Amino acid sequence: MKKIYFTPGPSQLYPSFKHHMGEAIKEDIGSISHRSLKFKRIYQDTVSSLKRLMDIPPGHHVLFLSSSLESMERIVESCVEKHSYHLVNGSFSQKFHEIALEVKKDAKKTEAIWGEGFNMESLKIPKMSEIICVTQNETSTGVSIPMEEIYKLKSVYPEKLLVADVVSSIPYPKIDFNKIDAVFFSVQKGFGLPAGLSILIVNDLIIKKAKLLKKKGQNVGSYHNLISLYEKSLIEQTPETPNVINIYLLGKVCREMLKIGIAEIRKRTEAKADLIYQYFDRHPNYLPFVGNKRWRSKTTIAINVKGKSDQVVRRLEKLGLIVGKGYGKFKNDHVRIANFPSHRLKDVRILLRNF
Ligand SMILES: *Cc1c(COP(=O)(O)O)cnc(C)c1O
């Protein structure tokens, strides 16, 4: 039976994935050297396609890491001398905070009720904090913080670095890279690719900070520190043998998305999200977990099924419709539906009809 994965990552593969994978095999991408000219061309092509798709300014650096949890660790390890600050409103933002503690930073946090966002104006961020870490789309709860809200932090605290986890929303949100210092995401969510590649986009301030800390004698990480990643990126390489196939595939998917156009992709995302929320706002038993429309994610939608998660997931699975269970403490109460570019409107309709 054909299955459709509405899971919030890994998720449904991009419709043209099979074709690109076939091409990758024909072109021996799995065997080429990561120091070869062929790899440099792939690297260049992927970075330039991604920059066009996401409107990333030329002076910003696109770095390839292994996972987004790794991106979190590299950021705090390479850019924080002592003090980091975290907005925590779910499992992934909590993880970011824990990672900072694990690498021995003095990591402070402000917690919001899970299922809600933050009132940026009322936050009191410690003076000492060198970096502010925000999870723009909390996959565990289905809460999304509008980019405009996040930029406010940069205007109030211009001397602090500002970083956003956009793992499960990209390519949907439009990012103004002049108002944020770094963002990162993994390819197994909105890009519909197999896991094992995280993209970290940084400006020069991030690299400058890492260099400063290194000069002071601080440990900024080993082979994958932000300086080594940056320096290798200047010659279209990575410090280690990277996930070459995924870098190749990401370039191909970016090109497919460019053909459709990012504005159209955003429009489709909104249309599908509206359909899903409208359905559950009228549902007699189940309801969207995030009540406040302002905080509702368009890309990872959590539905409160009141303890029936297992039942709902299993029933849908029999029809080939794979949805996610709740995350962490919401395991039994929620199901989560991803709404990525790989998900077609007609499949969303089929899912809702059978829910
Ligand atoms: C999936 C996810 C991550 C972790 O990504 P990995 O590639 O598994 O490390 C981090 N943050 C958010 C918001 C996510 O949804």
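Any read-out appearing in this document is the output of simple, stated calculations on the displayed coordinates, not a laboratory observation. Since we're looking at a predicted model, the values are computed, not measured. Here Cβ is always computed from backbone atoms with ideal geometry, including for glycine, and neighbour counts include all displayed protein chains.
Structure notes:
- Over all distinct Cα-Cα pairs of the chain, the Kirkwood formula returns a hydrodynamic radius of 20.8 Å.
- Estimated FRET transfer efficiency when R0 is 45 angstrom, pair Asn332-His19 (beta carbons, to 0.05): 0.70
- Projected label distance in nm at Glu111 and Glu27, using a 7 Å step from Cα toward the beta-carbon: 4.8
- With a Förster radius of 30 Å applied to the C-beta separation of Leu37 and Glu70, the computed FRET efficiency comes to 0.65.
- Each residue in Arg268, Arg294, Arg336 was given a count of other beta-carbon atoms within 10 angstrom of its own, and listing them fewest first yields Arg294, Arg268, Arg336.
- Stokes-Einstein diffusion for the range 110-172 at 25 °C, viscosity 0.890 mPa s, with a Kirkwood radius from C-alpha pairs, works out to 198 µm²/s.
- Per-residue ellipticity at 222 nm, computed for the chain from helices alone with -39500 (n - 2.57) per DSSP H run of at least four residues, works out to -12500 deg cm²/dmol.
- Neighbour-count order for Arg52, Arg353, fewest beta carbons within 10 angstrom listed first: Arg353, Arg52
- Under the criterion of Cα pairs below 8 Å and six or more residues apart, the relative contact order for the range 231-355 equals 21 percent.
- Calculated P(r) of the range 167-229 - Cα pairs past 15 Å, %: 60
- Anisotropy class of the range 137-263 from Cα gyration tensor, a/c 1.5 cut: oblate
- Given Lys152/Lys209; Lys51/Lys325; Lys124/Lys272, the pairs whose alpha carbons are separated by over 32 Å: Lys51/Lys325; Lys124/Lys272
- Take every Cα pair under 8 Å whose residues are at least 6 apart in sequence, average their separation, divide by the length of the chain, and the relative contact order is 25 percent.
- Each of Val313, Val202 was scored by other Cβ atoms within 10 Å of its Cβ. Listed from fewest to most, they are Val313, Val202.
- If you sort the three axes of the alpha carbon gyration tensor as a ≥ b ≥ c, you get a/c of 1.5 or more for the range 7-83 and a/b above b/c, which makes it prolate.
- Applying 1/(1 + (r/R0)^6) with R0 = 35 Å to the Cβ-Cβ distance of Ile227 and His283 gives a FRET efficiency near 0.10.
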